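Here the structure is laid out as structure tokens; the discussion comes afterwards.
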Amino acid sequence: MIMPAVKNNYQMLLTLFAELYKYPDEEIERDIMNGAAENEMTRGFISCSVPVTTKLDLHQLSFEENNVQKQFMTAFSGLSKPFSPPVESLYKPWSTDADAPKQLAKKRGYYMGDSALHMNHLLSCYGFGVPEEFKMMPDHLVIELEFYAFLLGEDTRMAVTFYEEHLDWIKDFEKEMNKLGGVPFYQEVTRRLRNLLSIHPLEIINGEE
């Protein structure tokens, strides 16, 4: 069971992972290369009783000839193929709506599916907008992790529902990431995220009671 007072650390980890799936600006790259991101993540995992089973720290997975910016572009931008953007719609059937175009409804790999529409609705209900860079992918992993962290603090019942409905695609995302070459940093980050999300929110919520 997650012990009391750990929920804040879990929320911190979710926010940290969200930052790591954004384009790495100078500040993020500095935190990766000086070990700050690794140290913060390790402390958070230990507090949540989730082992970090790896032989390499994050800063060892970004190299001068293949730094984290280059790996980001390879993994997510689509400038080269294959690539695997961290967007929920891409890993699920596009729509279950009976009125959806039949040629798209059950297919995967398309943006703005049911999950994206639902994310727009949820964010609006809680008074959030979607940042401009995510307008066409409101179900991007960055948005989902930040929103999940918020729900754990503000609406635990919805946090459970959200976890079960919107974070069930991470294993499929990890499988696609592992097919890519030249992106060891993001493969490791995704592996660690999958481990973190193996903790059901009820464990966190009940541990706080």
Only one of (1) more than 21 Å from residue 20 (Cα to Cα); (2) surrounded by 20 or more Cβ atoms within 10 Å (Cβ to Cβ); (3) not aromatic (Phe, Trp, Tyr) fails for residue 121. Which number is that?
(2)
Go through region 34-51 and give me each residue that's crowded, with 17+ Cβ neighbours inside 10 Å and out of contact with any Asp or Glu (no Cβ under 9 Å at 6 or more places or on another chain).
41, 44, 45, 47, 48, 50
Which of (1) surrounded by 15 or more Cβ atoms within 10 Å (Cβ to Cβ); (2) touching a residue at least 60 places away in the same chain (Cβ under 8 Å) is the odd one out, the single condition residue 89 does not satisfy?
(2)
Looking at residue 178 and the list (1) buried (at least 18 other Cβ atoms within 10 Å of the Cβ); (2) free of Cβ contacts under 8 Å to residues at least 24 places away in the same chain, which single condition is not satisfied?
(1)
Do you know which residues across region 86-96 are assigned to a strand (DSSP E or B) and either touching a helix residue (DSSP H, G or I) at 6+ places or on another chain (Cβ under 6 Å) or of a type in the set (Gly, Ala, Ser) (or both)?
none
Suppose we filter region 54-66 for residues that are free of Cβ contacts under 8 Å to residues at least 60 places away in the same chain and either within 23 Å of residue 194 (Cα to Cα) or not in a loop (DSSP other than H, G, I, E, B) (or both); how many remain?
5
Going residue by residue through region 6-17, is there one that turns out to be in contact with a strand residue (DSSP E or B) (Cβ under 6 Å, 6 or more places away or on another chain), among the hydrophobic types (A, V, I, L, M, F, W, C), free of Cβ contacts under 8 Å to residues at least 60 places away in the same chain and under 25 Å from residue 156 (Cα atoms)?
no
Residue 83 modelled with pLDDT of 90 or more, part of a helix (DSSP H, G or I) and surrounded by 15 or more Cβ atoms within 10 Å (Cβ to Cβ)
no
Exception for residue 160 within (1) over 17 Å from the mean Cα position of the chain (by Cα); (2) farther than 20 Å from residue 23 by Cβ falls at (1)
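The values are calculated or read from the model by the stated rules, or taken from the named source; none is laboratory data. What you see is a predicted model; the values in this text were computed from it and never measured. Methodologically, a virtual Cβ is constructed for each residue, glycine included, from the backbone with ideal geometry; neighbour enumeration extends over all protein chains shown.
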